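The values are calculated or read from the model by the stated rules, or taken from the named source; none is laboratory data. Remember, it's a predicted structure, so these values are computed and weren't measured experimentally. Cβ coordinates were reconstructed from backbone atoms using ideal geometry, including for glycine residues, and neighbour counts include every protein chain displayed.
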Amino acid sequence: MIRDYFETVNDTFSQCPFIFSQNLNFIVVDFDRGYWKGNFELREKFELYLFEYIILVSETTKVQDYRYHFQDDDENLVFRFDNAPHHPSLENFPNHLHFPEKVVAAEKPSLEEVLQRALMFCEITG
């Protein structure tokens, strides 16, 4: 099940023509847990750093921890979704979204949504 999830992750990014380079690592920790991390260069100007820790619960994969970080080539934050428990006052705690100037409550997005948001930003900024 963990490996099946990893394959789905790999498929999500292998189908995107706007990724110029990528580095994906998949680690199975035990039969019921694992993690993956990846970094992607988008349109030669932006970088997307992703991480998920996956557990198996009742034969269903669940993302226990995640971080989806998008930045420009000068390493300036554009956005980051994560569930680190450091903003307890926000609705949807611990899920939240960082922007350069603020942090807001947010639901955990799908990987496709993160990629779409990043690509949309690339389009807007050229």
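Remarks
- Selection of the range 88-111 for residues being of a type in the set (A, V, I, L, M, F, W, C), crowded, with 17+ Cβ neighbours inside 10 Å and free of Cβ contacts under 8 Å to residues at least 24 places away in the same chain yields only L97.
- In the range 26-38, the residue that is surrounded by the fewest Cβ atoms within 10 Å (Cβ to Cβ) out of those that are modelled with pLDDT under 95 and of a type outside the set (F, W, Y) is D30.
- Flag set for K37, criterion: in a strand (DSSP E or B), within 26 Å of R3 (Cβ to Cβ) and either more than 17 Å from the chain's Cα centre (by Cα) or basic (K, R) (or both).
- Condition met for P85 (free of Cβ contacts under 8 Å to residues at least 12 places away in the same chain, of a type outside the set (G, A, S) and more than 16 Å from M120 (Cα to Cα)): yes
- Condition check for L56: of a type in the set (A, V, I, L, M), under 21 Å from I124 (Cα atoms) and in a strand (DSSP E or B): no
- The set of residues from the range 1-47 being over 15 Å from F70 (Cα atoms) and of a type in the set (V, I, T) comprises I2, T8, V9, T12, I27, V28, V29.
- A84 vs. criteria closer than 28 Å to G34 by Cβ and at pLDDT 95 or above: yes
- T61 falls short on exactly one of the conditions (1) surrounded by 13 or more Cβ atoms within 10 Å (Cβ to Cβ); (2) assigned to a loop (DSSP other than H, G, I, E, B); (3) among the hydroxyl-bearing types (S, T, Y), and that condition is (2).
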